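First up is the structure itself, then whatever we jot down about it.
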Amino acid sequence: MTSEEIIGFVNTLDGVLTLRPAPGDGTPEISWGDTFFYYAPDGVTPTASQPFATVVTKDYPDDESSRLDRPGAFRVNIAAGKDAFIRWTGHAPREPVSAEVDPSAADTVIAHPVYGSLGWLAVVNPGERTQAATRELLRTAHHLARSRHGRRNEPTA
């Protein structure tokens, strides 16, 4: 899977707002070239919620362990919820990890190297082993974001 295939897939889901920061749009330079997915059926960037998934193409400060400085490397980050996190990692987000996992390993679903304690999963360069799982995790994250949006926007009696 390429990053463009992932972006195309997520854009088929309803209500997705895709942000792709670039020079001249007022976004911080560090974010240029990356992609952020929000559930925002009104097309307005949410101010009270995080993206449900991202595609990052470079190392960030304090987040270099995935070695995204390698040619062609990128990482999909997915907020797929606690159940998916436990299913893929074998432990709850805030529980200590018993085995070391290489955060730079390609085509492997792992706890996000920085935001794993918040329940985020990550896949560096999804390939044959993880492409179906990556799509399913993205669908799950989208569903959760849509549900949160619905709860926040319910009329109160």
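The values are calculated or read from the model by the stated rules, or taken from the named source; none is laboratory data. Since this is a predicted model, take the numbers as computed values, not measurements. Glycine also receives a Cβ, built like all others from the backbone with ideal geometry; neighbour counts cover every protein chain displayed. Heads up: the accessible areas ignore ligands, DNA and RNA and are worked out on the full protein's heavy atoms, side chains in. Shrake-Rupley method; radii C 1.70, N 1.55, O 1.52, S 1.80 Å.
Can you tell me the FRET efficiency between E29 and S49 if r is taken as the Cβ-Cβ distance and R0 is 22 Å, rounded to the nearest 0.05?
Values: r = 24 Å, r/R0 = 1.08.
It comes out at approximately 0.40.
Quick one: order R87, R135 from most to least accessible surface, probe 1.4 Å.
Working: R87 160, R135 75 Å².
Of R87, R135, the descending order of accessible area is R87, R135.
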Please work out the average accessible area per residue across the range 24-157, using the 1.4 Å probe convention, and give it in Å². 56
Rounded to whole Hz, the Karplus (6.51, -1.76, 1.60) HN-Hα couplings of the range 59-71, x for glycine and proline: 6, 10, x, 6, 9, 10, 5, 7, 6, 6, 7, 6, x
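Could you please state how large a percent of the accessible area of the range 97-157 is carbon and sulfur, counting protein chains only and using a 1.4 Å probe?
Numbers: 1790 of 3540 Å².
Heavy-atom surface of the range 97-157 belonging to carbon and sulfur, 1.4 Å probe: 51 percent.
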If R0 is 41 Å, what FRET efficiency do you get for Y60 and E154 from their C-beta distance, rounded to 0.05? 0.70
